[in-house]
Every structure is written in structure tokens, then in C-alpha cells.
Amino acid sequence: MGVRRTPTTVATALLSTALLVAALLVGTVTRPSVRATASPASPGAKDVIVHLFQWPWASIANECTTVLGPKGFGGVQVSPPQEHVVLPGRGHPWWQDYQPVSYQLTSRRGDRAGFASMVQTCHNAGVKIYVDAVVNHMAGGASTGSGSGGSAYSHFGYPAVPYGSGDFHHCGRNGNDDIVNWNDRWEIQNCELVDLSDLRTESAYVRGKLVAYLDDLVSLGVDGFRVDAAKHLPAADLAAIVGPVTGDPYVFSEVIEGGSGEPTPEEYAGIGDVTEFRYGDVVGTAFRDGNLANLNNLASSMRLGSGDAVAFIDNHDTQRNGRAKLTYQDGSSYALAEAFMIAWPYGVPQVMSGFTFTDPEAGPPANGSGTTSAVNCASGWACEHRWRTTTNMVGLRNTSAGAPVTNWWSNGSQQIGFGRGNLAYVAFNRSGSALSRTFQSSLPAGTYCDVMSGDHSAGTCTGARYQVDTAGRFTATVPANGALALHVNARTGATSSPTRTNTPPPGLCAGVTTVTFEVNATTSWGQNVYVTGNTAALGNWDPANAVPLSSATYPVWRASVNLPPSAPVQYKYIKKDGAQVLWESDPNRTRNPPTYAPCTGTWTDTWR
């Protein structure tokens, strides 16, 4: 969450809130929300996103042309481009950029012309641009003055927008209006997050200003948005802000999972993708401690389904607040975790790349006035995304897009290997000794470059090479605390990929999958619970054709439905009593049916 931090609020800002109370009228048929559904946009086949945290626009443009485009990165998340507060007395900390003053595109990273030029240059290189959008709040009360574009402002006055006092929440609690009770949903979404003036996002006027800002960015070619501090505004408010934006921008929301009863990541999955904070915890811990054997069960440890998640090992917040299990400072363990994330087919992988620091509040390298310096990876900038373990794995992921995991192998602890269909194979060794063995893959016969140890160019290898036989076997040595990666587009003398077959690989579901819907829902006498959704099997949102659920295990209602594999399903539960229909609250639920054997799954929910 990109917000102004103080030592006493860093930990608090990671906590969350209580259950949503939705007021529904019995007997009123409420149609499914118009845009509280999964964003139709996605990153596409090239889905690796790199967060160039605090990079200036000119440096991003150059990186797109020289590194990101050639290496196959799909997109860049850029820091907030709007006018922000300027805090020389605090040493121009990184979090000043997350305190908007206006929606003019003038920041310490560049002006509107520079931003527009960067977007176009990156597009020319085949790289999309995703903006870190701050829509929950404006500046903090202590930060009164002039913004990075010269606009005057006060805590509840932003004449350049314009916003006045009536455009903000004044929650009337806790003396200074700050969030204190992190188990109170209302307080989290109506009080101030560490003194940041909280926008009345339920207001049509405020929504109009935010939509206009996002529309302006889209007009310059922006492809989507990462929504900062999303759980601090209700999902319905967020849907009403991103829904009317021109086109179909890719949207992913920052929702930090908190304690029992708080706003949940699932509430925002109907609007777009959501940041999966469990991913960095699980994968980071595995590579930190060298316990890799259970990573083939990774999806079962996540809060969100793969189709709803943005995965990351660390981000700009977790690097600084101590939550990240690994960061760039951990060297090879971190590099291997990033490589695994890119190779494994879960979610949209997001790679972190920022600046080096010892003070968690420090801003990026800058001149005396606080203007961010051009990126120099040898001086002050970490440039994690340029590590071979990351850049060369992007090519492997693009090559194997859509292919299932095959040929899983583990020694039971620190060493694993797996394939991606007949297109790629990787092995990871977190032990202190080299791993030498004959691996079984589904790769076609040929000589392959190990892109972890070197580069592939014009059919030649700068690193190790391995011969795969006609049975897909190869003998290789994986160095201690190292990895190996082979794919069909990094072979000697070969320039084309093997033909993909329409026959499902072993374990891949074909035809239909069986999903058991189960919802914990209390009812009154005469009511029954049903599920309906956007497919014929679920009645195409028609209550008359909804699927009835059994009350045999009341208050949990259940029914099994055959669904097509892989296609995302949007659904809601309803209660019916004769002609009266009661819909649960927005947003629509969105999940992907099982793709791999045993081709069954259970979706467990609670009525909301």
C-alpha cells in the first residue's frame, strides 16, 4: 500500500477490517452489477509485469527499448504520475508521491509530455504501461503548501481539481479522524489512513473527477491501473470508478489480506485482478528456508484463484515494512524465488525493480531539489529485473504460455524440477551442493541452452548446453543454490517450436469439470438458496433457471454443476421464497473451473 508512513503506523497500515453489511430489500430483484465483473482486459500472453518503482519517465522509455521489449516483458507498472506533495524537510521520501495534490501529470519523474512520450516509446517496443492509481485519498493534513506542479493545497482543499471539504469523509471518531479500529469496516473505509484526506468515493462528483483522471491517462495510451489502497474504499465504489473508464483497461487492486472480518481480496476480484500477498509469504519462505518440495501444491495455499491473482515475491511496501520474506538484499535465494514465480503458471507475475536503500523512508536518487535522477544500475538503483535469472525466464514463460505443469520431480526437500508441457523444463537447487541427475522431461529431442547459466542468440549458447534424447531425458548438473532452465526457443540450430497438439496433455481436463458450490447461508422459513451466473449451466443470470442448492447440511447449502474447464465463471447466490428473490451483495464472484485432474473442485463461500 503506497501511503505516507511513520514508524508507528507501518505495522498498523498492514492490518484490515470487518465483514460487509449489505442492505438488501426482500422482494426486490437486484440485477447483477454492470461492471462489478472481472475486467475483460488482461496482460495478454506476454504477462510478466515489472514495477519500475520511482523510475523517471525518460529512463523507463529507454528501458523499454533496450531491455524490456527485447526480453519479452509484457508491461511496466509506473509510479503515480499525478501532481503530489513535495517534502524537502523529510528528505523527499518515496511516499510523498502517494499524496495527490491534483490530477495534473507533473511529478518528480517528469511532466505530461515526458509521460506521453514514454508511453508511446514503450508501446513501440511492445510493452504496456500500467499506472499506480491513487483514488482513495489526497494529501495528509501536515503537508500543506504547493505540489510538484506548483498547485496550492490544504488538507481538505485542492483548488486545482477542485475538491473542497464536502468532498471528503469526516468520520468524527478518534479525535483526528484517523483509522484506529482495524476490525471496523466502516472506519477503515470512511476514516483517514494515516492522516490522508479520505475522498467521498460514494459521491458522483468525486467519482466523476477520478474517472476523468483515469480517462486522461487512457487517452495517452495507458493500458491499465494498479489501484492503490483499494480495500479502503468499498468494492462497489471502486467498480463505479473504473467501470466507466474508456476502453477495457487491465485493472488490478492492492488488497492486503487482514484478520477475521475485514474486507477480503475476493470482494475486489469481480472488478479485476487482485494482489495475492500470500504468494510472497509462501514462495519467499520456501526459497529462504530451502523447503521446496510442496511448491507443486502452491495453488492450495493461495487465497485467490490463479485467474484472479497478481503474484509477487516482494513489492515496494513489503521491501520496506519487513513483511517480505526475501528482497534483492538476499541475493541468490531471492533470484531463484523470482525465477520460480515466472516459470510456474499461477497468476500474473510481477517483478520488483527499484532503488537500493537502508532507510525505509528514503526516496530515490535525486538532485538537490528532489527531482529523480536518471537510472544508473551501477549507482543507487537495484535493477533486479535485469538479473539473468529474471530476464531469461521471461522468454521461457512466453514460450510456454498456457502449457500445463508436467514431469514434477522433487527430492523431498531442497531440489525440484518440472516441465511446462513439451515446451520447457526447469530445475531448482536450494542446497549447498551441486545436483547431478538424469531428468525426465517432455521436451522434443535436441540440444538446448541453459538460459540460467547463459544467453541464447542466433542458435548458439553462451552458457551450458544439454542434449535431450528422443524420450525427453537429459543429464545435467544444477549448481548449488542455482537453477537450470531449458525451452524450445533456446536450442542450437533450431528456430521453431514443436507443434502444439489439440489432445489434452496428461492431467489436463477436457469437456467438462464438476464444481461443487457450497455457501454458508442462513434463511427464514420458506426461503431456499440457489446459484446463478453467466453460463447456461447456471441459468444465465435468470433466477427462474438458477441451480437449486441442497439444505441437507444446513446452514451450508450445496450442489454440483458441470462447467467447461478454464473458462472464467461469474456467479452469485440468491434466496427465493415464491416470487420473491433476494440477491447477495456486489460484486459478482469470479472463479476459474479446475483445469487439471481430477477435474473437480469445491467453491466454498459465505453469503454476503
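The values are calculated or read from the model by the stated rules, or taken from the named source; none is laboratory data. Source: prediction; values computed, not measured. Don't worry about glycine lacking a Cβ; one is built from the backbone with ideal geometry, like all the others, and counts go over all protein chains shown.
Go through 130, 163 for me and flag whichever is in contact (Cβ under 8 Å) with a residue 60 or more places away in the chain, surrounded by 17 or more Cβ atoms within 10 Å (Cβ to Cβ) and among the aromatic types (Phe, Trp, Tyr).
On the way: 163 fails: in contact (Cβ under 8 Å) with a residue 60 or more places away in the chain.
Of 130, 163, the one residue that is in contact (Cβ under 8 Å) with a residue 60 or more places away in the chain, surrounded by 17 or more Cβ atoms within 10 Å (Cβ to Cβ) and among the aromatic types (Phe, Trp, Tyr) is 130.
Quick one: would you say residue 315 is on the phi < 0 side of the Ramachandran plot, in the same structural domain as residue 52 (by TED's automatic domain parsing) and surrounded by fewer than 22 Cβ atoms within 10 Å (Cβ to Cβ)? Outline the logic, then answer.
Values: on the phi < 0 side of the Ramachandran plot: yes; in the same structural domain as residue 52 (by TED's automatic domain parsing): yes; surrounded by fewer than 22 Cβ atoms within 10 Å (Cβ to Cβ): no.
It is false that residue 315 is on the phi < 0 side of the Ramachandran plot, in the same structural domain as residue 52 (by TED's automatic domain parsing) and surrounded by fewer than 22 Cβ atoms within 10 Å (Cβ to Cβ).
Need a quick list: strands (runs of 3 or more DSSP E) entirely within the stretch 402-450 having at least 2 residues that are within 15 Å of residue 345 (Cβ to Cβ) and either touching a residue at least 40 places away in the same chain (Cβ under 8 Å) or among the small types (Gly, Ala, Ser) (or both). Explain how you work it out, then say what you get.
Details: elements: 405-410, 415-420, 424-429, 435-440, 446-449.
Fully inside the stretch 402-450 and qualifying: 405-410, 415-420, 424-429.
Residue check: is residue 212 in contact (Cβ under 8 Å) with a residue 60 or more places away in the chain, in the same structural domain as residue 275 (by TED's automatic domain parsing) and under 17 Å from the mean Cα position of the chain (by Cα)?
On the way: in contact (Cβ under 8 Å) with a residue 60 or more places away in the chain: yes; in the same structural domain as residue 275 (by TED's automatic domain parsing): yes; under 17 Å from the mean Cα position of the chain (by Cα): no.
No; evaluated as a whole, the condition is false for this residue.
Scan the stretch 135-174 residue by residue and report those that are over 32 Å from the mean Cα position of the chain (by Cα), part of a loop (DSSP other than H, G, I, E, B) and on the phi < 0 side of the Ramachandran plot.
Residues of the stretch 135-174 that are over 32 Å from the mean Cα position of the chain (by Cα), as a first pass: 144-146, 150-154, 157, 159, 164-166, 172-174.
Filter once more, so that each one left must be part of a loop (DSSP other than H, G, I, E, B): 144, 150-151, 159, 164, 172-174.
Within the stretch 135-174, 144, 151, 159, 164, 173 qualify.
Could you go through the stretch 64-76 and let me know if any residue there is part of a loop (DSSP other than H, G, I, E, B), among the charged types (D, E, K, R) and either at pLDDT below 95 or more than 15 Å from residue 375 (Cα to Cα) (or both). Give the derivation first.
In the first step, residues of the stretch 64-76 are kept if they are part of a loop (DSSP other than H, G, I, E, B); the result is 72-74.
The next check asks that each one be among the charged types (D, E, K, R); those that pass are none.
No: zero hits.
Six or more apart or on different chains, Cβ atoms under 9 Å: show the pairs whose first residue is in the stretch 325-350 and closer than 14 Å to residue 420 by Cα and whose second is assigned to a helix (DSSP H, G or I) and basic (Lys, Arg).
Every condition considered, the pairs that remain are 342/397; 343/397; 345/397.
Out of all the residues in the stretch 340-376, which are assigned to a strand (DSSP E or B), touching a Gly at 6+ places or on another chain (Cβ under 9 Å) and of a type in the set (Val, Ile, Thr)?
Passing the criteria: 348, 372.
Can you find a residue that is of a type in the set (Val, Ile, Thr) and closer than 19 Å to residue 605 by Cβ anywhere in the stretch 285-308?
If we filter the stretch 285-308 for residues that are of a type in the set (Val, Ile, Thr), which is where we start, we get 285.
In the following step, the residues that additionally are closer than 19 Å to residue 605 by Cβ were identified as none.
Scanning the stretch 285-308 turns up no residue that is of a type in the set (Val, Ile, Thr) and closer than 19 Å to residue 605 by Cβ.
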